[in-house]
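One structure is given below, represented as structure tokens, and several questions about it will come after.
The values are calculated or read from the model by the stated rules, or taken from the named source; none is laboratory data. No experiment lies behind these values; they were computed from the predicted model shown. Cβ atoms come from the backbone with ideal geometry, glycine included; neighbour counts cover every protein chain shown.
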Amino acid sequence: MSTRIAILGGGVMGGTLLSALLSAGHAPGDVVVGEKLAERAEELREQFGVTVTGNVEAVSGADVVLVVVKPQDVPSLLEEIAGAVPPDATVVSLAAGIRIATIEQALPGVAVVRAMPNTPALVGAGMFGISPGSTCTDDRLELVRELLATGGKVVVVDESGQDAVTAVSGSGPAYVFYLAEAMIAGGVEAGLDLETATTLATQTIVGAAKLLDESDEDAAELRRRVTSPNGTTHAAITTFDEQGVRDGLVAGVLAAARRSEELS
Ligand SMILES: NC(=O)C1=CN([C@@H]2O[C@H](COP(=O)(O)OP(=O)(O)OC[C@H]3O[C@@H](n4cnc5c(N)ncnc54)[C@H](OP(=O)(O)O)[C@@H]3O)[C@@H](O)[C@H]2O)C=CC1
Ligand SMILES: O=C(O)[C@@H]1CCC=N1
């Protein structure tokens with residue numbers, strides 16, 4: 001029998017998960033979205049042909065409930081759906097910083113999984129870190145893993161690692177886009193037109209990511225292979241180090257991890 005899925009919150013990440021699930025062959029009739037913004041609800045109905053309704057209605061009959069509202073909206077959402085979630089359903093929270101214990105307290109007896117996604121799931125190249133709650137069986141965790149794998153890679157981590165996962169892969173796409181913005185700006189300043197600089201930077205990031213993924217070498221070795229003695233790359237990396245770029249990036253990742261911890 002097919003898995004009935006409720007997605008609560010149809011924004012950037014909810015829409016991404018919806019798109020991944022449908023692209024992987026889940027039928028629109030098996031997915032119901034709870035979205036409070038009327039305009040967005042209409043958009044999702046038109047684009048994906050799914051039912052968009054209230055949260056209580058969305059969770060009734062669901063096998064898996066994906067909670068994808070902003071962290072500050074999670075407590076009131078859980079209060080709203082408590083009592084309506086089928087006892088044999090699995091609730092998956094994708095909200096940054098919301099602890100499994102908080103959800104288990106709000107939904108007594110319901111199996112919980114905490115998950116941290118990222119937006120490349122929109123193109124099937126997402127990264128998910130998932131952690132099972134105290135009553136989540138291996139079978140339920142496997143079901144969640146399979147559903148999320150429609151959007152990319154899934155790793156199982158202890159919940160204590162979720163702040164770090166959030167800081168590395170959850171927020172990580174933004175760091176890469178930040179790098180792209182800077183490479184494009186530098187290219188334009190060095191004399192290229194915007195379109196050419198954008199093409200060069202984009203393909204370079206795609207190519208470097210593919211090489212890093214497929215090569216047996218680590219990032220440091222791959223970087224070394226680009227860096228000729230006293231050449232152009234050396235000039236760039238030396239400047240990055242002088243300007244504290246590496247330290248700044250490490251500090252940024254740690255700030256994201258702290259913020260994730262604060263949110264909980
Ligand atoms: N975007 C990302 O890259 C990532 C996001 N996440 C997590 O995903 C979650 C969602 O983020 P994101 O998609 O970016 O946020 P969005 O604001 O784009 O989406 C949330 C959507 O849920 C709606 N909403 C709010 N409250 C309710 C409710 N009670 N019932 C139904 N819908 C509701 C919001 O409407 P309104 O705007 O009117 O409040 C909005 O349309 C967050 O918890 C975030 O931590 C995790 C990793 C990556
Ligand atoms: O910025 C945020 O808080 C969310 C969580 C990870 C990515 N986006």
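So which of Ala149, Ala125, Ala180 ends up being over 25 Å from Leu77 (Cα atoms) and assigned by TED's automatic domain parsing to the domain that holds Ala251?
Result: Ala180 is the single residue among Ala149, Ala125, Ala180 that is over 25 Å from Leu77 (Cα atoms) and assigned by TED's automatic domain parsing to the domain that holds Ala251.
Output the number of the condition that Gly252 fails; it satisfies all remaining conditions of (1) assigned to a helix (DSSP H, G or I); (2) farther than 24 Å from Asp163 by Cβ.
Result: Gly252 passes all but (2).
Only one residue in Val250, Val188 is without any contact (Cβ under 8 Å) to a residue 60 or more places away in the chain and within 30 Å of Ala101 (Cα to Cα). Which one?
Every option except Val250 fails the conditions.
From Val91, Val123, Val113, Val85, grab the single residue that is of a type in the set (Val, Ile, Thr), at pLDDT 95 or above and closer than 28 Å to Ala209 by Cβ.
Val113
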